[in-house]
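Written below as C-alpha cells is the structure these notes are about.
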Number of protein chains: 2
Amino acid sequence: MNTSDKLAQQIQFLVESEKLKAVFRRNSPVNNERRENSAEHSWSLAIMAIVLAGHANGQPDLLRVLKMVLIHDIVEIDAGDTDAFDAAGNATKADRENRAAERIFNLLPAVQAAEYRGLWQEFESGVSPEAVFANALDRLLPLIQNFYNGGKSWREHGVTSQQSLNRSRPIGDGSSALWDYARSLVTEAQQRNFYSPANKTPDI
Amino acid sequence: MNTSDKLAQQIQFLVESEKLKAVFRRNSPVNNERRENSAEHSWSLAIMAIVLAGHANGQPDLLRVLKMVLIHDIVEIDAGDTDAFDAAGNATKADRENRAAERIFNLLPAVQAAEYRGLWQEFESGVSPEAVFANALDRLLPLIQNFYNGGKSWREHGVTSQQSLNRSRPIGDGSSALWDYARSLVTEAQQRNFYSPANKTPDI
C-alpha cells in the first residue's frame, strides 16, 4: 500500500471519529447544564492521565495510557454510551461494542487497526498496568464532575452513596492516592446530601 | 509539599479545565450543526497525532506532541477562542493568552506548571519538531471539517480558497504528505464551489 492509500484510510477513520462528538453521556461537565459528549470526556481522561500519572500504582507507560483513553470510547459511535446503571443495556453491551470495534478500527490500515483494537480490548479487560490506570481515571472523572455539580445527576438518577462507592472501587486498583481522594469525596458528598437517599437504579 | 497537597492542586486544575468545554470555536464538527468546543477539538488533534504520526517530517516525540495538543487551548478558558480571521482579536491575543497561562497553569504544582507552560509556549513559537507537527494538525483539522461540511463555515464567513490555502501553509512544515493532501482538498473544494467567491474577511 502506498502512502496516499494509507493516508486516505486514516482520514476516513478520523472523519468517522467526529461522530463521537454526537454521542452523549448521562453526566454533565462541571458547571454546565448540558450533557457531556464522549469526545470531550476522552479529552478529560487524557488530561487527567498526564497530570495524575505520578499517582499511578505500578509504572504504566504514559504513551500507551494516552492512546488507550483517547480511543476507549470510539466504539460508542455505533454502540452508543451504555450507562453504568443501565442493566438492560449492559446485557448486550459487549456484543454491540465488539461489532462496532470490528467496523470502526478496520477503517484504518491493518497495522494500526490491530494496534488500536488491541488497546481497546486491553482497556476493556482492565488487567495491564495501563488498563488498570485508565479504568481508574474513567471512574474518577464522573465522580469529580458529579461532586462539583452538587450531585445533580446522582439525585436525578437515584444513585446512593453506596452505589457510587461500589462503582468507584476500581480507582483503588489504579492508584492508592486517588482512591483515598475518591473515598473522601464520597464522604463529603454524603455529608452535603448530594446523593439520592433511596436506591432508584439497579445495583451494579 | 505532601502528596495530598499536590493532589489537591492537580484536582483544582482539572476542575478548572472543564471550562474549556464551554469555549466555542467558529467551525462545527463534521455533520453537526452546532459549533465545536475547544475540549473536543483538542481530543481530535490528539487522535490525529497518534494516527498520523508516521507522516511527520523529522522525528517528533509523540508523547510530547500529545501533551502539547492536549493543553494547547487551555488558555482560552480566560482568553476565549480567537478566530484566525479576526484581526482585532488577534492584535490583543498574545497578551490575553499570556495572562491566562500565568493564572491557569499556576494552579498546578510548580514542576508541572513550568512543564505545561513551557509546552504551551513551545506550541505558540512553532519551532521545535513537536510544535511544528502539532501546529500542522491544528491547521489540518478545520480544513477537513470545513471540507466535509461542504464549506458551510467558509461561505458564512467569506473565506476564499486563497485565504484557506495561505492559512494551511504551516501543514507543509509539519508533513510533506499531509501538505499534498491539504492542497488536494483545497483544489477539490474549489471545484465544488465550497469557498466564498469574494473575500469578506481580512487577509491573514
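The values are calculated or read from the model by the stated rules, or taken from the named source; none is laboratory data. Treat the numbers as computed from the prediction; the structure is a model and nothing was measured. Heads up, the Cβs are rebuilt from the backbone with ideal geometry, glycines too, and the neighbour counts pull from every protein chain shown. Accessible surface is based on the protein model in full, side chains and every heavy atom, while ligands, DNA and RNA are left aside. Shrake-Rupley method; radii C 1.70, N 1.55, O 1.52, S 1.80 Å.
Some observations on this one:
- Within the span defined as segment B:160-179, one or more residues are modelled with pLDDT of 95 or more, within 16 Å of A:Val15 (Cα to Cα) and in contact with a helix residue (DSSP H, G or I) (Cβ under 7 Å, 6 or more places away or on another chain).
- Scope segment B:149-160; condition assigned to a helix (DSSP H, G or I) and surrounded by 18 or more Cβ atoms within 10 Å (Cβ to Cβ); matching residues: B:Ser153, B:Trp154
- Counting residues in segment B:179-193 that are outside any helix (DSSP H, G or I) and closer than 25 Å to B:Trp43 by Cβ gives zero.
- Residue among A:Glu115, A:Glu156 that is closer than 22 Å to A:Val23 by Cα and out of contact with any His (no Cβ under 7 Å at 6 or more places or on another chain): A:Glu156
- When residues of segment B:119-142 are limited to those that are touching an Asp or Glu at 6+ places or on another chain (Cβ under 9 Å) and open to solvent by 60 Å² or more (accessible area, probe 1.4 Å), the one farthest from B:Ser17 (Cα to Cα): B:Pro129
- Single residue of A:Val30, A:Val15, A:Val65 found to be at pLDDT 95 or above, more than 20 Å from B:Met48 (Cα to Cα) and among the β-branched types (Val, Ile, Thr): A:Val30
- Contacts under 8 angstrom Cβ, first residue in segment B:92-108 being without any contact (Cβ under 8 Å) to a residue 12 or more places away in the chain and closer than 19 Å to B:Ala8 by Cα, partner part of a helix (DSSP H, G or I) and open to solvent by less than 30 Å² (accessible area, probe 1.4 Å), 6 or more apart: B:Asn106/B:Ala113
- Of the candidates B:Lys6, B:Lys21, the single residue that is assigned to a helix (DSSP H, G or I), surrounded by 22 or more Cβ atoms within 10 Å (Cβ to Cβ) and within 12 Å of chain A (Cβ to nearest Cβ) is B:Lys21.
- Flag if B:Gln145 is among the polar types (S, T, N, Q), under 22 Å from A:Lys6 (Cα atoms), under 18 Å from the mean Cα position of the chain (by Cα) and open to solvent by less than 40 Å² (accessible area, probe 1.4 Å): yes
- In segment B:39-91, the qualifying residues are those that are among the charged types (D, E, K, R) and open to solvent by 30 Å² or more (accessible area, probe 1.4 Å), and the one that is nearest to the other protein chains (Cβ to nearest Cβ) is B:Lys67.
- Within segment B:98-118, the set of residues being open to solvent by 10 Å² or more (accessible area, probe 1.4 Å) and either closer than 17 Å to B:Ala53 by Cβ or assigned to a helix (DSSP H, G or I) (or both) comprises B:Asn98, B:Arg99, B:Glu102, B:Arg103, B:Ala110, B:Val111, B:Gln112, B:Ala114, B:Glu115, B:Arg117, B:Gly118.
- Positions within segment A:31-86 being assigned to a loop (DSSP other than H, G, I, E, B), closer than 11 Å to A:Leu20 by Cβ and of a type in the set (A, V, I, L, M, F, W, C), in sequence order: A:Ile74, A:Val75
- Residue count, segment A:116-169 (criterion: among the hydroxyl-bearing types (Ser, Thr, Tyr), in contact with a Leu (Cβ under 9 Å, 6 or more places away or on another chain) and under 19 Å from A:Asn193 (Cα atoms)): 2
- Looking only at segment B:119-138, and only at residues there that are in a helix (DSSP H, G or I), in contact (Cβ under 8 Å) with a residue 40 or more places away in the chain and in contact with a Pro (Cβ under 9 Å, 6 or more places away or on another chain), the one that is farthest from B:Arg35 (Cα to Cα): B:Pro129
- Among the residues of segment A:50-76, the ones that are within 14 Å of the chain's Cα centre (by Cα) and in contact (Cβ under 8 Å) with a residue 60 or more places away in the chain come to 4 in all.
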